[in-house]
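The values are calculated or read from the model by the stated rules, or taken from the named source; none is laboratory data. Model, not experiment: these values are computed from the prediction. All Cβ positions, glycine included, derive from the backbone under ideal geometry; neighbour counts span all protein chains shown. Accessible surface areas use protein heavy atoms only, side chains included; no ligands, DNA or RNA. Shrake-Rupley method; radii C 1.70, N 1.55, O 1.52, S 1.80 Å.
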Amino acid sequence: MRRISIFGATGSIGVNTVDLITRQGGSDAYDVVALTGGRNVARLAQQARDLRADMAVTCFPECYTALKEALAGSGIAAAAGPDAVAEAADRPADWTMSAIVGAAGLVPGLRALRHGGTLALANKESLVTAGPLLMQTARDHGARILPVDSEHSAIFQTLVGEDPAAVERIIITASGGAFRDWPLDRLATATPAQAATHPNWDMGQRITIDSASMFNKALEVIEVQEYFGVDPTQIQVLVHPESLVHAMVGFRDGAIMAHLGAADMRHAIGYALNWPDRANLPVERLDFARIGQLNFRDPDPARYPALVLARQVMATRGLAGAVFNAAKEAALDAFIDGRIGFLAMAEVVGAVLDRVSHETSLTNAVISLDNVMQADQLARDCAAQIIKKSKQY
Ligand code: NAD
Ligand code: MG
(Lines give C-alpha, C1' and ligand atoms only; values in the text may rest on other atoms or scores of the structure.)
(Ligands and ions follow the chains in the order given, each with its own letter.)
Protein backbone atom coordinates (compact mmCIF):
# COMPACT_ATOMS: atom_id res chain seq x y z
CA MET A 1 0.00 0.00 0.00
CA ARG A 2 1.17 3.51 -0.75
CA ARG A 3 2.35 5.33 2.36
CA ILE A 4 1.09 8.91 2.50
CA SER A 5 1.42 11.93 4.78
CA ILE A 6 -0.45 15.22 4.71
CA PHE A 7 1.11 18.39 6.10
CA GLY A 8 -1.58 21.00 6.74
CA ALA A 9 -4.32 18.34 6.67
CA THR A 10 -6.87 20.57 8.44
CA GLY A 11 -6.69 23.48 5.98
CA SER A 12 -8.52 24.06 2.73
CA ILE A 13 -6.11 22.01 0.57
CA GLY A 14 -5.69 19.42 3.34
CA VAL A 15 -9.42 18.83 3.72
CA ASN A 16 -9.79 18.42 -0.05
CA THR A 17 -6.87 15.98 -0.04
CA VAL A 18 -8.46 13.93 2.75
CA ASP A 19 -11.75 13.98 0.82
CA LEU A 20 -10.11 12.50 -2.30
CA ILE A 21 -8.15 9.92 -0.33
CA THR A 22 -11.35 8.88 1.44
CA ARG A 23 -13.21 8.58 -1.88
CA GLN A 24 -10.33 6.48 -3.25
CA GLY A 25 -10.60 3.91 -0.47
CA GLY A 26 -9.18 5.66 2.62
CA SER A 27 -7.33 3.38 5.01
CA ASP A 28 -8.15 0.33 2.86
CA ALA A 29 -6.18 1.79 -0.03
CA TYR A 30 -3.52 3.90 1.69
CA ASP A 31 -1.17 3.49 4.61
CA VAL A 32 -1.50 6.91 6.26
CA VAL A 33 1.68 7.80 8.11
CA ALA A 34 1.24 11.32 9.49
CA LEU A 35 -1.31 14.13 9.45
CA THR A 36 -0.47 17.61 10.73
CA GLY A 37 -2.58 20.62 11.57
CA GLY A 38 -2.85 23.64 13.86
CA ARG A 39 -5.47 24.69 16.40
CA ASN A 40 -8.35 22.67 15.00
CA VAL A 41 -7.36 19.54 16.93
CA ALA A 42 -10.91 18.12 16.81
CA ARG A 43 -10.75 18.03 13.00
CA LEU A 44 -7.19 16.71 13.00
CA ALA A 45 -8.06 13.90 15.43
CA GLN A 46 -11.16 12.98 13.42
CA GLN A 47 -9.16 12.86 10.18
CA ALA A 48 -6.51 10.71 11.88
CA ARG A 49 -9.13 8.32 13.22
CA ASP A 50 -10.99 8.11 9.90
CA LEU A 51 -7.80 7.41 7.93
CA ARG A 52 -6.21 5.27 10.68
CA ALA A 53 -3.05 7.39 10.66
CA ASP A 54 0.01 6.35 12.64
CA MET A 55 0.39 9.83 14.08
CA ALA A 56 -1.17 13.29 14.28
CA VAL A 57 0.80 16.45 14.97
CA THR A 58 -0.31 19.98 15.82
CA CYS A 59 2.22 22.75 15.19
CA PHE A 60 1.16 24.45 18.44
CA PRO A 61 2.74 23.02 21.64
CA GLU A 62 -0.15 24.40 23.72
CA CYS A 63 -2.58 22.20 21.77
CA TYR A 64 -0.81 18.96 22.72
CA THR A 65 -3.06 17.97 25.62
CA ALA A 66 -6.24 18.59 23.65
CA LEU A 67 -4.93 16.51 20.74
CA LYS A 68 -3.82 13.69 23.02
CA GLU A 69 -7.24 13.63 24.67
CA ALA A 70 -9.03 13.68 21.31
CA LEU A 71 -6.98 10.66 20.22
CA ALA A 72 -7.37 8.72 23.49
CA GLY A 73 -7.98 5.01 22.93
CA SER A 74 -7.24 5.20 19.18
CA GLY A 75 -3.62 4.02 19.35
CA ILE A 76 -2.65 7.03 17.19
CA ALA A 77 0.44 8.85 18.44
CA ALA A 78 0.12 12.57 19.22
CA ALA A 79 2.87 15.19 19.04
CA ALA A 80 3.10 18.99 19.02
CA GLY A 81 5.34 21.86 17.99
CA PRO A 82 7.30 22.84 14.87
CA ASP A 83 10.04 20.28 15.55
CA ALA A 84 7.45 17.52 15.83
CA VAL A 85 5.99 18.60 12.47
CA ALA A 86 9.46 18.36 10.91
CA GLU A 87 10.09 15.01 12.58
CA ALA A 88 6.82 13.70 11.16
CA ALA A 89 8.36 14.39 7.74
CA ASP A 90 11.27 12.10 8.69
CA ARG A 91 8.85 9.16 8.73
CA PRO A 92 9.15 7.55 5.31
CA ALA A 93 6.23 8.10 2.95
CA ASP A 94 5.80 7.49 -0.78
CA TRP A 95 3.52 10.49 -1.34
CA THR A 96 3.46 13.62 0.78
CA MET A 97 1.09 16.55 0.50
CA SER A 98 2.77 19.83 1.42
CA ALA A 99 -0.19 22.07 2.32
CA ILE A 100 1.00 24.09 5.29
CA VAL A 101 0.48 27.79 4.63
CA GLY A 102 3.55 30.05 4.57
CA ALA A 103 7.30 29.58 4.84
CA ALA A 104 6.69 27.13 7.72
CA GLY A 105 6.10 24.54 5.01
CA LEU A 106 9.70 24.66 3.80
CA VAL A 107 11.48 22.46 6.35
CA PRO A 108 8.88 19.65 6.38
CA GLY A 109 8.93 19.69 2.57
CA LEU A 110 12.71 19.43 2.42
CA ARG A 111 12.73 16.60 4.93
CA ALA A 112 10.00 14.69 3.10
CA LEU A 113 12.01 14.90 -0.13
CA ARG A 114 14.81 12.89 1.49
CA HIS A 115 12.72 9.72 1.19
CA GLY A 116 12.60 9.94 -2.57
CA GLY A 117 8.95 9.50 -3.57
CA THR A 118 6.59 12.32 -4.47
CA LEU A 119 6.06 15.69 -2.87
CA ALA A 120 2.73 17.15 -3.95
CA LEU A 121 3.49 20.82 -3.48
CA ALA A 122 0.65 23.18 -2.65
CA ASN A 123 2.93 25.23 -0.39
CA LYS A 124 4.05 27.73 -3.02
CA GLU A 125 5.83 29.82 -0.39
CA SER A 126 8.57 27.19 -0.04
CA LEU A 127 9.26 27.27 -3.77
CA VAL A 128 9.36 31.09 -3.83
CA THR A 129 11.55 31.15 -0.72
CA ALA A 130 13.99 28.40 -1.65
CA GLY A 131 13.15 27.01 -5.09
CA PRO A 132 16.69 25.97 -6.10
CA LEU A 133 17.20 24.24 -2.74
CA LEU A 134 13.96 22.26 -3.05
CA MET A 135 14.76 21.25 -6.62
CA GLN A 136 18.32 20.23 -5.75
CA THR A 137 17.13 18.23 -2.72
CA ALA A 138 14.63 16.42 -4.94
CA ARG A 139 17.38 15.61 -7.48
CA ASP A 140 19.79 14.45 -4.76
CA HIS A 141 17.27 11.96 -3.41
CA GLY A 142 15.53 10.88 -6.60
CA ALA A 143 12.31 12.50 -5.42
CA ARG A 144 9.64 14.12 -7.59
CA ILE A 145 7.85 17.40 -6.99
CA LEU A 146 4.37 17.64 -8.51
CA PRO A 147 2.68 21.04 -8.58
CA VAL A 148 -0.59 21.47 -6.69
CA ASP A 149 -1.39 25.02 -7.63
CA SER A 150 -4.15 25.04 -10.24
CA GLU A 151 -2.14 27.10 -12.74
CA HIS A 152 1.05 25.10 -12.33
CA SER A 153 -0.71 21.76 -12.43
CA ALA A 154 -2.33 23.03 -15.64
CA ILE A 155 1.05 23.98 -17.16
CA PHE A 156 2.54 20.66 -16.07
CA GLN A 157 -0.31 18.76 -17.73
CA THR A 158 -0.05 20.86 -20.88
CA LEU A 159 3.64 20.00 -21.16
CA VAL A 160 3.21 16.21 -20.98
CA GLY A 161 4.98 14.78 -24.02
CA GLU A 162 6.24 18.20 -25.18
CA ASP A 163 9.81 19.38 -25.68
CA PRO A 164 10.42 22.11 -23.05
CA ALA A 165 12.70 23.86 -25.56
CA ALA A 166 9.69 24.42 -27.84
CA VAL A 167 7.89 26.55 -25.23
CA GLU A 168 7.65 30.19 -26.26
CA ARG A 169 5.53 31.60 -23.46
CA ILE A 170 3.46 30.62 -20.45
CA ILE A 171 0.28 32.47 -19.53
CA ILE A 172 -1.29 32.10 -16.11
CA THR A 173 -4.70 33.53 -15.33
CA ALA A 174 -5.91 35.46 -12.31
CA SER A 175 -9.51 35.95 -11.26
CA GLY A 176 -8.69 39.49 -10.17
CA GLY A 177 -9.76 38.74 -6.60
CA ALA A 178 -12.34 40.38 -4.40
CA PHE A 179 -11.70 43.94 -5.61
CA ARG A 180 -11.27 43.51 -9.34
CA ASP A 181 -14.24 45.78 -10.05
CA TRP A 182 -13.72 48.28 -7.24
CA PRO A 183 -12.71 51.83 -8.18
CA LEU A 184 -9.00 52.34 -7.44
CA ASP A 185 -9.56 55.06 -4.85
CA ARG A 186 -11.69 52.74 -2.72
CA LEU A 187 -8.95 50.13 -2.33
CA ALA A 188 -7.18 52.03 0.46
CA THR A 189 -10.23 51.48 2.67
CA ALA A 190 -10.63 47.74 1.97
CA THR A 191 -10.97 45.67 5.15
CA PRO A 192 -9.59 42.17 5.83
CA ALA A 193 -13.13 40.77 5.88
CA GLN A 194 -13.85 42.24 2.44
CA ALA A 195 -10.53 40.95 1.07
CA ALA A 196 -11.17 37.46 2.43
CA THR A 197 -14.09 36.74 0.11
CA HIS A 198 -13.18 35.26 -3.26
CA PRO A 199 -15.42 35.51 -6.33
CA ASN A 200 -14.62 31.99 -7.65
CA TRP A 201 -12.41 29.87 -5.38
CA ASP A 202 -13.02 28.61 -1.85
CA MET A 203 -9.59 28.77 -0.15
CA GLY A 204 -7.86 29.55 3.14
CA GLN A 205 -8.06 33.12 4.50
CA ARG A 206 -4.45 34.08 3.71
CA ILE A 207 -4.39 33.01 0.07
CA THR A 208 -7.81 34.61 -0.47
CA ILE A 209 -6.51 37.99 0.72
CA ASP A 210 -3.38 37.41 -1.39
CA SER A 211 -5.69 36.92 -4.37
CA ALA A 212 -7.32 40.31 -3.77
CA SER A 213 -3.90 42.02 -3.63
CA MET A 214 -2.46 39.76 -6.39
CA PHE A 215 0.39 38.78 -4.09
CA ASN A 216 -0.83 35.27 -4.76
CA LYS A 217 -0.31 35.75 -8.50
CA ALA A 218 3.06 37.39 -7.78
CA LEU A 219 4.12 34.25 -5.89
CA GLU A 220 2.79 32.14 -8.75
CA VAL A 221 4.75 33.96 -11.43
CA ILE A 222 7.92 33.23 -9.46
CA GLU A 223 6.67 29.65 -9.03
CA VAL A 224 6.45 29.33 -12.83
CA GLN A 225 10.08 30.41 -13.12
CA GLU A 226 11.17 27.88 -10.47
CA TYR A 227 9.18 24.93 -11.85
CA PHE A 228 9.64 25.40 -15.56
CA GLY A 229 12.92 27.33 -15.83
CA VAL A 230 11.60 29.84 -18.35
CA ASP A 231 12.83 33.40 -18.66
CA PRO A 232 10.63 35.98 -16.84
CA THR A 233 9.89 37.65 -20.19
CA GLN A 234 8.16 34.45 -21.29
CA ILE A 235 5.66 34.56 -18.39
CA GLN A 236 2.45 36.55 -18.75
CA VAL A 237 -0.48 37.10 -16.38
CA LEU A 238 -4.00 37.73 -17.68
CA VAL A 239 -7.05 38.65 -15.64
CA HIS A 240 -9.71 36.08 -16.48
CA PRO A 241 -12.80 36.66 -14.33
CA GLU A 242 -14.38 33.24 -15.07
CA SER A 243 -11.38 31.27 -13.61
CA LEU A 244 -11.98 28.41 -16.04
CA VAL A 245 -8.80 28.64 -18.14
CA HIS A 246 -6.08 28.02 -15.55
CA ALA A 247 -3.03 28.38 -17.79
CA MET A 248 -1.97 28.39 -21.43
CA VAL A 249 1.32 27.37 -22.99
CA GLY A 250 2.36 28.85 -26.32
CA PHE A 251 4.80 26.87 -28.47
CA ARG A 252 7.23 28.08 -31.13
CA ASP A 253 5.00 26.84 -33.94
CA GLY A 254 2.29 29.23 -32.78
CA ALA A 255 0.09 26.59 -31.15
CA ILE A 256 -1.38 27.41 -27.77
CA MET A 257 -2.47 24.64 -25.44
CA ALA A 258 -4.91 25.76 -22.75
CA HIS A 259 -5.97 23.85 -19.66
CA LEU A 260 -9.57 24.39 -18.59
CA GLY A 261 -11.58 23.07 -15.72
CA ALA A 262 -13.89 23.99 -12.88
CA ALA A 263 -12.52 26.15 -10.06
CA ASP A 264 -12.08 23.19 -7.73
CA MET A 265 -8.70 22.36 -6.21
CA ARG A 266 -9.59 18.68 -6.12
CA HIS A 267 -8.61 18.54 -9.79
CA ALA A 268 -4.99 19.61 -9.19
CA ILE A 269 -4.77 17.58 -5.96
CA GLY A 270 -6.28 14.51 -7.62
CA TYR A 271 -3.95 14.81 -10.60
CA ALA A 272 -0.92 14.84 -8.27
CA LEU A 273 -2.37 11.98 -6.22
CA ASN A 274 -2.97 9.71 -9.22
CA TRP A 275 -0.17 10.84 -11.55
CA PRO A 276 0.72 9.59 -14.12
CA ASP A 277 -2.81 8.15 -14.33
CA ARG A 278 -6.01 10.12 -14.49
CA ALA A 279 -8.63 9.02 -11.96
CA ASN A 280 -12.34 9.75 -12.00
CA LEU A 281 -12.49 12.96 -9.94
CA PRO A 282 -15.57 14.53 -8.32
CA VAL A 283 -15.26 17.89 -10.08
CA GLU A 284 -17.90 19.69 -12.12
CA ARG A 285 -17.86 19.00 -15.89
CA LEU A 286 -17.92 22.26 -17.83
CA ASP A 287 -20.81 23.03 -20.15
CA PHE A 288 -19.41 25.50 -22.69
CA ALA A 289 -22.74 26.28 -24.33
CA ARG A 290 -23.97 27.48 -20.95
CA ILE A 291 -20.72 29.32 -20.14
CA GLY A 292 -20.99 31.14 -23.48
CA GLN A 293 -17.92 33.34 -23.25
CA LEU A 294 -14.52 33.65 -21.65
CA ASN A 295 -12.94 37.05 -20.97
CA PHE A 296 -9.31 38.10 -20.66
CA ARG A 297 -7.57 41.39 -19.98
CA ASP A 298 -4.15 42.69 -18.95
CA PRO A 299 -3.77 43.34 -15.22
CA ASP A 300 -3.49 47.05 -14.36
CA PRO A 301 -0.08 47.57 -12.64
CA ALA A 302 -1.47 50.50 -10.64
CA ARG A 303 -4.13 48.23 -9.16
CA TYR A 304 -1.76 45.28 -8.66
CA PRO A 305 1.71 46.56 -7.66
CA ALA A 306 2.55 43.08 -6.30
CA LEU A 307 3.00 41.91 -9.89
CA VAL A 308 5.58 44.63 -10.51
CA LEU A 309 7.46 43.54 -7.37
CA ALA A 310 7.46 39.93 -8.62
CA ARG A 311 9.32 41.08 -11.75
CA GLN A 312 11.92 42.73 -9.53
CA VAL A 313 12.34 39.49 -7.54
CA MET A 314 12.71 37.39 -10.70
CA ALA A 315 15.36 39.76 -12.04
CA THR A 316 17.33 39.64 -8.76
CA ARG A 317 16.85 35.92 -7.99
CA GLY A 318 19.10 34.50 -5.26
CA LEU A 319 17.60 35.26 -1.87
CA ALA A 320 15.16 37.86 -3.20
CA GLY A 321 12.33 35.30 -3.17
CA ALA A 322 12.92 34.55 0.52
CA VAL A 323 12.89 38.26 1.36
CA PHE A 324 9.82 38.89 -0.78
CA ASN A 325 7.79 36.05 0.72
CA ALA A 326 8.73 36.85 4.32
CA ALA A 327 7.97 40.56 3.88
CA LYS A 328 4.65 39.63 2.28
CA GLU A 329 3.78 37.34 5.21
CA ALA A 330 4.63 40.10 7.71
CA ALA A 331 2.64 42.70 5.76
CA LEU A 332 -0.32 40.33 5.48
CA ASP A 333 -0.25 39.70 9.25
CA ALA A 334 -0.24 43.47 9.81
CA PHE A 335 -3.18 43.96 7.43
CA ILE A 336 -5.19 41.16 9.06
CA ASP A 337 -4.48 42.69 12.52
CA GLY A 338 -5.57 46.14 11.35
CA ARG A 339 -2.10 47.69 11.74
CA ILE A 340 -1.80 48.70 8.06
CA GLY A 341 -4.19 49.30 5.20
CA PHE A 342 -4.70 47.13 2.11
CA LEU A 343 -2.52 49.21 -0.23
CA ALA A 344 0.25 49.49 2.37
CA MET A 345 1.04 45.77 2.00
CA ALA A 346 2.75 46.30 -1.36
CA GLU A 347 4.44 49.49 -0.10
CA VAL A 348 5.91 47.60 2.86
CA VAL A 349 7.11 44.68 0.71
CA GLY A 350 8.67 47.06 -1.84
CA ALA A 351 10.44 49.02 0.94
CA VAL A 352 11.77 45.79 2.53
CA LEU A 353 13.11 44.53 -0.81
CA ASP A 354 14.90 47.84 -1.43
CA ARG A 355 16.34 48.09 2.07
CA VAL A 356 17.52 44.49 2.36
CA SER A 357 19.08 44.50 -1.08
CA HIS A 358 21.06 47.63 -0.10
CA GLU A 359 22.35 45.88 3.03
CA THR A 360 23.31 42.52 1.54
CA SER A 361 23.82 41.06 -1.89
CA LEU A 362 20.80 38.90 -2.54
CA THR A 363 21.80 37.90 -6.03
CA ASN A 364 24.93 35.86 -5.51
CA ALA A 365 24.15 34.20 -2.20
CA VAL A 366 24.21 30.42 -1.91
CA ILE A 367 20.67 29.10 -1.44
CA SER A 368 21.28 27.01 1.68
CA LEU A 369 18.65 26.50 4.38
CA ASP A 370 20.69 28.70 6.78
CA ASN A 371 20.95 31.54 4.27
CA VAL A 372 17.28 31.32 3.44
CA MET A 373 16.26 31.36 7.12
CA GLN A 374 18.51 34.38 7.74
CA ALA A 375 17.10 36.28 4.78
CA ASP A 376 13.59 35.40 5.93
CA GLN A 377 14.27 36.71 9.46
CA LEU A 378 16.01 39.84 8.18
CA ALA A 379 13.01 40.63 5.99
CA ARG A 380 10.53 40.06 8.83
CA ASP A 381 12.54 42.32 11.19
CA CYS A 382 12.82 44.99 8.53
CA ALA A 383 9.09 44.79 7.76
CA ALA A 384 8.28 45.10 11.48
CA GLN A 385 10.38 48.29 11.73
CA ILE A 386 8.83 49.82 8.64
CA ILE A 387 5.30 48.97 9.79
CA LYS A 388 5.95 50.39 13.27
CA LYS A 389 7.52 53.63 12.04
CA SER A 390 5.11 54.43 9.26
CA LYS A 391 2.24 56.24 10.91
CA GLN A 392 1.01 57.35 7.50
CA TYR A 393 -0.19 53.81 6.80
P1 NAD B 1 -5.26 27.03 5.21
O2 NAD B 1 -4.99 28.23 6.02
O3 NAD B 1 -6.66 26.66 4.93
O4 NAD B 1 -4.55 25.75 5.90
C5 NAD B 1 -3.23 25.82 6.32
C6 NAD B 1 -2.82 24.55 7.04
O7 NAD B 1 -1.48 24.76 7.55
C8 NAD B 1 -3.67 24.21 8.24
O9 NAD B 1 -3.70 22.81 8.41
C10 NAD B 1 -2.91 24.84 9.41
O11 NAD B 1 -3.17 24.23 10.65
C12 NAD B 1 -1.49 24.61 8.98
N13 NAD B 1 -0.54 25.60 9.51
C14 NAD B 1 -0.73 26.95 9.56
N15 NAD B 1 0.38 27.54 10.06
C16 NAD B 1 1.26 26.54 10.33
C17 NAD B 1 2.59 26.51 10.86
N18 NAD B 1 3.22 27.63 11.23
N19 NAD B 1 3.22 25.32 10.98
C20 NAD B 1 2.59 24.18 10.61
N21 NAD B 1 1.33 24.14 10.11
C22 NAD B 1 0.68 25.31 9.96
O23 NAD B 1 -4.43 27.21 3.85
P24 NAD B 1 -4.77 26.63 2.40
O25 NAD B 1 -5.64 27.59 1.68
O26 NAD B 1 -5.15 25.21 2.49
O27 NAD B 1 -3.33 26.75 1.71
C28 NAD B 1 -2.29 25.84 1.99
C29 NAD B 1 -1.16 26.05 0.99
O30 NAD B 1 -1.65 25.72 -0.31
C31 NAD B 1 -0.69 27.50 0.89
O32 NAD B 1 0.67 27.50 0.61
C33 NAD B 1 -1.46 28.05 -0.30
O34 NAD B 1 -0.79 29.10 -0.94
C35 NAD B 1 -1.51 26.82 -1.19
N36 NAD B 1 -2.62 26.81 -2.14
C37 NAD B 1 -3.89 26.81 -1.67
C38 NAD B 1 -4.96 26.79 -2.56
C39 NAD B 1 -6.37 26.71 -2.06
O40 NAD B 1 -7.28 26.54 -2.86
N41 NAD B 1 -6.63 26.81 -0.77
C42 NAD B 1 -4.71 26.81 -3.94
C43 NAD B 1 -3.40 26.83 -4.39
C44 NAD B 1 -2.36 26.82 -3.47
MG1 MG C 1 -3.13 29.22 -7.97
Region 321-393, relative contact order [Cα under 8 Å, separation at least 6], %
48
Excluding ligands, DNA and RNA, the carbon-plus-sulfur percentage of the accessible area of the chain with a 1.4 Å probe reads 50
Check every DSSP H run in the chain and write down those whose alpha carbon atoms cover 15 angstrom or more along the long axis and whose mean Kyte-Doolittle hydropathy is 1.0 or greater.
305-316
Using r as the Cβ-Cβ distance of Asp202 and Arg39, and R0 as 30 Å, what FRET efficiency do you calculate, to the nearest 0.05?
0.90
Need one number: % antiparallel among DSSP beta bridges in region 96-247, to the nearest 5.
10
Note: probe point = Cα of Met1 + 7 Å toward Cβ; backbone nitrogen < 17 Å; residues of region 12-42 passing the test are 18-35
Once you keep just the Cα pairs under 8 angstrom separated by 6 or more residues, what percentage relative contact order results for the chain?
14
Could you bin all the Cα-Cα distances of region 317-389 into 10 Å bins starting at 0 and give me the percent of pairs in each, rounded to whole numbers?
23, 54, 20, 3
For region 284-311 and region 100-137, what is the centre-to-centre distance using only Cα atoms, to the nearest Å?
28
For Asp140 and Thr22 in one chain, what is 0.36 nm times their gap in residues minus the Cα-Cα distance, to one decimal in nm?
39.3 nm
Inter-part distance where region 159-238 and region 242-260 are each reduced to a Cα centre, Å:
16
Under a straight-distance cross-link criterion of Cα-Cα below 18 Å, which lysines are reachable from Lys389, leaving out those fewer than 8 residues away in the same chain?
Lys328
If you take the beta carbon distance between Phe251 and Asp181 as r and set R0 to 41 Å, what does 1/(1 + (r/R0)^6) give as a FRET efficiency, to the nearest 0.05?
0.75
For region 317-389, report the accessible area per residue in Å² (1.4 Å probe, heavy atoms, rounded to an integer).
44
How many Å² of accessible area per residue for region 153-262, probe 1.4 Å?
38
Quotient of Cα radius of gyration and Kirkwood radius for the chain, i.e. Rg/Rh, equals 0.95
Taking a point 7 angstrom from the Cα of Thr191 along the C-beta vector, which residues in region 208-250 have backbone N less than 17 Å away?
209
Rounded to the nearest 10 Å², what accessible area does Ser368 have for a 1.4 Å probe in the complete protein model?
40
Spacing of the two label points (7 Å from each Cα toward its C-beta) at Arg339 and Gln374, in nm
2.5
